[in-house]
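The values are calculated or read from the model by the stated rules, or taken from the named source; none is laboratory data. These figures come from a predicted structure and were not determined experimentally. Glycine gets a Cβ as well: all are built from the backbone with ideal geometry, and neighbour counts include every protein chain shown. Accessible surface areas use protein heavy atoms only, side chains included; no ligands, DNA or RNA. Shrake-Rupley method; radii C 1.70, N 1.55, O 1.52, S 1.80 Å.
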Amino acid sequence: MRTRTTVVAIAIALAAAVTGCSSGDDTDTDAKATPKPTSTRAPGSEPSADVSAAEKAAGIPPVPTGVKRAQLLRALGAANPGIVKYEDKAIDAARNQCMAINGGGRKLDRTASQRFTYKDVTTTETQGKQINDALKGLGFCKA
């Protein structure tokens, strides 16, 4: 949860920094009537690199795609078939669980059971252990 807060804080800080830049002069009436762009870079290009670096530093792996995504969902579904009903939630929970695993967290099975319990899905600590074993076995948590 701390990583999400950190990532959001970084994103907000970057957004504030980009929008806070101004090349206009307040005494220029044309500057007031016609807003000037604050950046010439493509939207989303710089913050995503910073977010990726922050996530990597926190032990969060990148979002899996293709075959890796399918393997991860299959492994998670083997532990608790209900959690893969919401694929994106399951992927996010797996990435965040890696933060706990890579950070040397304690009570990882309990953490996984809580992290993978959402909406109408309940995950037990035994299933949490299976999830942790799957994440480690796949090598998914290597950031």
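Taking the Cβ of LEU72 as the center, what net charge do the other residues with Cβ under 11 Å away carry, scoring Lys and Arg +1 and Asp and Glu -1?
Numbers: positive: LYS68, ARG69, ARG74, ARG95; negative: GLU87.
Local net charge: +3.
Taking Cβ atoms as reference points and 15 Å as the exclusive limit, the residues near VAL84 contribute a net charge of +4, counting Lys and Arg as +1 and Asp and Glu as -1.
Fully extending the segment from VAL121 to LYS107 would add 3.0 nm, taking 0.36 nm per residue of separation and subtracting the current Cα-Cα distance.
Put VAL67, VAL84, VAL121 in order of accessible area, highest first, and with a 1.4 Å probe you get VAL67, VAL84, VAL121.
Any chance you could tell me what percent of the C-alpha pair distances in the stretch 87-143 go past 15 Å? Each step should come with its number before you reach the end.
Values: 646 of 1596 pairs.
Considering the stretch 87-143, 40 percent of its Cα-Cα pairs are separated by more than 15 Å.
Looking at TYR86, GLN130, ALA100, which one has the Cα that reaches farthest to the positive end of the dipole of the stretch 72-135 (charges on Cβ: Lys, Arg +1; Asp, Glu -1)? Checking the options against the dipole of the stretch 72-135, the answer is ALA100. Sorting the segments 56-64, 129-137 by their mean number of nearby beta carbons within 10 angstrom, highest to lowest, gives 129-137, 56-64.
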